[in-house]
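Report on the following structure.
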Amino acid sequence: MPSRRDMLLLLAASAVAGGTSRAFASPLTAAAQPDLRGAIDAVEYRAIPESGDRKARNLEQMIKQAAAENVPVFLPPGTYRISNLTLPDNTRITGVPGASRIVYTGEGHLFAAENVRRIELSNLVIDGGNRWLGDYAGGLVQFTGVDEVLIDNCEIGGSRKHGLQLERCGGRIERSRISGAAQAGLYAVDSANLSVTGNTIADCGNGGILVHRWKKSEDGTVVSGNRISNIRANDGGTGQNGNGINIFRADGVMVVNNHISDCAFTAIRANSASDIQISSNQCRRSGETAIYVEFAFEGAVVSANMIDGAANGISIANFDEGGRLASVTGNVVRNLTLKGPYQHEVGFGIGIAAEADTLVSANVIEGAPRWGLQIGWGAYLRNVVVSGNVVRKAPVGCAVSVADGAGTAVITDNVFQETTDGAVLGFEWEKKVSGELANGGSPYGQLTIERNRMS
């Protein structure tokens, strides 16, 4: 008597070898499949690749029936040309990695789901073919109000808008590849403890991973271990587009252990995002500021990041908008340029900039063609401690604001080497107004400057 494993392999081979005269196979109600972890047996529905409106409706009906019976739909290798599938609660669709190909036919949207508990897609190639999407569709795959979205080991490509759009969703997006989206690879708004881990996102028109909220509040998304590259800013602007990872109004987000390269603007940009952690990321060849924490935020940790190639390295900005309270430690910033994608009031070529209630410590900056450190801007300076940093090969090692209204700063125990115009200099806005301050004896009562080394 054949074993259950033998029967499973026979059924799988039959499904792959089946003809195309029918749209979809009947449910294989007798095919019990052992789970690799020893879980209970499950019944599987298997589709036959083919295209057409009637066949798409048959697939939708199969998905609904399988969801009702709490079993997955399996797509054997082949091409499935479909559109306008609305997925029910408890949908599970899986295929053969790289071989089960779903091609959008261009009639409105591909996959959508709304206000359901769980949707799972795995081992699928989802190809938008750069075809038109309806005005109501924000992405090739669009889910709204789904408690748990699980997308694993899928390829999503060729979307005329976002590759994947999630609104009011939780769950996991993992081990997947998203490329060729005209907008962003992944746009997630008003998420609920979403995890975006181990994905590859490349060649997108306006953004890589976007984590946004309509109103500023707790979000809790984790963006970890992703590879993001070649992000353009086709719609222009001064930072709205062209970012590898963009966090907007979303509090409590972690951005850790990502590799981000060749973004038109910023590798990691956090706008009005409080309690954000940006740690242990590789940021290479950013067109503007590699890591930007800006506007109305309170609380940011920027640590142990490697920045190689950018216009500016790290900017903790916008005290005028309430941006404050940060720790910038243990980062390496190198190979900056004076050239940026637009005209900036301060200018480019700055290693690390900070304005309010911030510790800047134990960082290494090399090759900042304007200023190694920028501490404050005009009147926007309060409670910044700069200690234990190494700055090399910068015309000015540390530019500290001494303009009217500027607050306190402590600049101690730093090492400055090859800072040709000065190690620590006072500025009123963009104008240098002091001689060398690094050796102490500052005439500015709000500044404590001592024990710095110059060579």
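The values are calculated or read from the model by the stated rules, or taken from the named source; none is laboratory data. In this text, all values refer to a predicted model and were calculated from it rather than measured experimentally. Note that we place each Cβ from the backbone using ideal geometry, even for glycine, and neighbour counts take in every protein chain shown. What goes into the accessible areas is simple: the full protein's heavy atoms, side chains included, and nothing from ligands, DNA or RNA. Shrake-Rupley method; radii C 1.70, N 1.55, O 1.52, S 1.80 Å.
Determine which member of the set Thr238, Thr221 is among the hydroxyl-bearing types (Ser, Thr, Tyr) and within 20 Å of Val141 (Cα to Cα).
Thr221
Could you tell me which residue of the range 242-264 is nearest to Asp219 (Cα to Cα), considering only residues that are among the polar types (S, T, N, Q) and open to solvent by less than 50 Å² (accessible area, probe 1.4 Å)?
Checked the range 242-264; the qualifying residue nearest to Asp219 (Cα to Cα) is Asn246.
Inspect all residues belonging to the range 171-188 and state whether any of them is surrounded by fewer than 24 Cβ atoms within 10 Å (Cβ to Cβ), of a type in the set (A, V, I, L, M, F, W, C) and touching a strand residue (DSSP E or B) at 6+ places or on another chain (Cβ under 6 Å).
no
When you scan the range 27-119 for strands (runs of 3 or more DSSP E) that lie fully inside it, which ones turn up with 1 or more residues that are open to solvent by 40 Å² or more (accessible area, probe 1.4 Å), modelled with pLDDT of 95 or more and aliphatic (A, V, I, L, M)?
Counting at least 1 such residues, we get no strands (runs of 3 or more DSSP E) at all.
With respect to Ser191, is the statement that it is farther than 25 Å from Phe297 by Cβ, of a type outside the set (Val, Ile, Thr) and either modelled with pLDDT of 95 or more or open to solvent by 20 Å² or more (accessible area, probe 1.4 Å) (or both) true?
Criteria not met by Ser191.
Mind checking whether some residue in the range 243-252 is of a type in the set (D, E, K, R), closer than 26 Å to Gly145 by Cβ and out of contact with any His (no Cβ under 6 Å at 6 or more places or on another chain)?
For the range 243-252, residues of a type in the set (D, E, K, R), closer than 26 Å to Gly145 by Cβ and out of contact with any His (no Cβ under 6 Å at 6 or more places or on another chain): present.
Just one of the numbered conditions (1) open to solvent by 10 Å² or more (accessible area, probe 1.4 Å); (2) not in a strand (DSSP E or B) is not true of Ala137; which one?
(1)
Within the range 372-455, which strands (runs of 3 or more DSSP E) (wholly inside it) include 3 or more residues that are of a type in the set (Gly, Ala, Ser) and surrounded by 24 or more Cβ atoms within 10 Å (Cβ to Cβ)?
The qualifying strands (runs of 3 or more DSSP E) are 396-401.
Residue-by-condition table, conditions (1) touching a residue at least 40 places away in the same chain (Cβ under 8 Å); (2) at positive phi; (3) buried (at least 22 other Cβ atoms within 10 Å of the Cβ); (4) not aliphatic (A, V, I, L, M):
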site	(1), (2), (3), (4)
Asn234	yes, no, no, yes
Gln240	no, no, no, yes
Thr266	no, no, yes, yes
Ala296	yes, no, no, no
Ala304	no, yes, no, no
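Gly198 versus (1) among the small types (Gly, Ala, Ser); (2) within 14 Å of the chain's Cα centre (by Cα); (3) open to solvent by less than 20 Å² (accessible area, probe 1.4 Å): which is the lone unmet condition?
With (1) among the small types (Gly, Ala, Ser); (2) within 14 Å of the chain's Cα centre (by Cα); (3) open to solvent by less than 20 Å² (accessible area, probe 1.4 Å) applied to Gly198, the lone miss is (3).
Is it the case, given these coordinates, that Leu359 is outside any loop (DSSP other than H, G, I, E, B), surrounded by fewer than 24 Cβ atoms within 10 Å (Cβ to Cβ) and of a type in the set (A, V, I, L, M)?
yes
So how many residues does the range 284-306 have that are in a strand (DSSP E or B) and either farther than 18 Å from Ser229 by Cα or out of contact with any Gly (no Cβ under 8 Å at 6 or more places or on another chain) (or both)?
9
Does Ala188 fit the bill of being touching a Leu at 6+ places or on another chain (Cβ under 7 Å), without any contact (Cβ under 8 Å) to a residue 60 or more places away in the chain, assigned to a strand (DSSP E or B) and over 23 Å from Asn226 (Cβ atoms)?
Spelling it out, it is not the case that Ala188 is touching a Leu at 6+ places or on another chain (Cβ under 7 Å), without any contact (Cβ under 8 Å) to a residue 60 or more places away in the chain, assigned to a strand (DSSP E or B) and over 23 Å from Asn226 (Cβ atoms).
Cβ-Cβ under 9 Å, sequence separation 6+ or interchain: first residue in the range 162-182 and of a type in the set (Phe, Trp, Tyr), partner buried (at least 22 other Cβ atoms within 10 Å of the Cβ) and at pLDDT 95 or above. Which pairs?
none
Give me the pairs, please: first residue somewhere in the range 210-224 and under 17 Å from Asn243 (Cα atoms), second residue anywhere and open to solvent by 30 Å² or more (accessible area, probe 1.4 Å) and in a loop (DSSP other than H, G, I, E, B), beta-carbon distance under 6 Å, and either six or more positions apart or on two chains.
Final answer for the pair search is Arg213/Asp190; Ser224/Asn257.
Quick one: Gly163 ticks every box in (1) out of contact with any strand residue (DSSP E or B) (no Cβ under 6 Å at 6 or more places or on another chain); (2) crowded, with 24+ Cβ neighbours inside 10 Å; (3) more than 27 Å from Asp275 (Cβ to Cβ) bar one, so which box is it?
Status for Gly163: all satisfied but (1).
Would it be correct to say that Ala311 is free of Cβ contacts under 8 Å to residues at least 40 places away in the same chain and surrounded by 18 or more Cβ atoms within 10 Å (Cβ to Cβ)?
When the stated conditions are applied, Ala311 passes them.
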